[in-house]
Amino acid sequence: MTLSLNGRYLKVYRLMSIVDGHGEALAMGAKPDPKLPGVICPEWCTADHQIQSPDDLLHEAPALAVPCVQIQRARGDGSPARSAVPAELSVVQYQYHGDTETWVYIGDGFTGLDLSLESARRLAVELSAYLDGRV
C-alpha cells in the first residue's frame with residue numbers, strides 16, 4: 001500500500017506535534033486527545049481541549065502557583081509610598097499545537113514573561129546562583 005503525499009505530510013505533522021523544543025521525541029509519553037481525533041498531546045498536557053481551530057489549539061501543563069510578596073509603589077502627598085503586598089505568580093508550560101517550541105509563562109495573569117523552555121531553565125539556574133552570591 002502506498003502512502004499519498006497528504007498522508008505522509010499528516011504523519012510528519014503529527015510527529016512534529018509530539019516533539020518538544022529540544023527535538024526529543026515524546027512519542028512514548030504522548031497521548032491522543034479523545035475529543036479531537038488526530039491531535040496528539042505532549043505527555044505533560046492536561047488542557048481540556050474543546051473543538052476548536054488547530055491554529056488556536058494550545059497544550060498546557062498544570063499551572064504552578066507561587067505565593068510571593070511584591071513591592072507596590074504609589075505616590076501620596078508628594079512623596080513616594082512603598083509597601084509589601086501579597087501576590088501570586090503562575091508558572092505554566094505551554095505549546096501551540098503543531099509548533100516544536102515549548103514556552104513557559106511566568107506572571108500574575110496581567111503582566112508576565114513568556115520565555116522559551118531553555119531560557120526559563122537558564123533563568124532558574126542564574127537566579128539561584130545570583131541569590132546564593134555565586135555570581
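The values are calculated or read from the model by the stated rules, or taken from the named source; none is laboratory data. Note that the structure is predicted; figures quoted are calculated from it, not measured. As a convention, Cβ positions derive from the backbone with ideal geometry for all residues, glycine included, and neighbour counts pool all protein chains shown. All accessible areas refer to the heavy atoms of the entire protein, side chains included, with ligands and DNA or RNA removed. Shrake-Rupley method; radii C 1.70, N 1.55, O 1.52, S 1.80 Å.
Here are the numbers:
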quantity: Any chance residue 112 is under 29 Å from residue 49 (Cβ atoms) and either in contact with a helix residue (DSSP H, G or I) (Cβ under 7 Å, 6 or more places away or on another chain) or free of Cβ contacts under 8 Å to residues at least 60 places away in the same chain (or both); calculated: yes
quantity: Strands (runs of 3 or more DSSP E) wholly inside the stretch 48-135 that include at least 2 residues being touching a Pro at 6+ places or on another chain (Cβ under 8 Å) and open to solvent by 60 Å² or more (accessible area, probe 1.4 Å); calculated: 64-76, 79-96
quantity: The lone exception for residue 45 - which of (1) closer than 22 Å to residue 108 by Cα; (2) open to solvent by 60 Å² or more (accessible area, probe 1.4 Å); (3) modelled with pLDDT of 90 or more it fails; calculated: (2)
quantity: Test result for residue 7, at pLDDT below 65 and within 24 Å of residue 119 (Cβ to Cβ); calculated: no
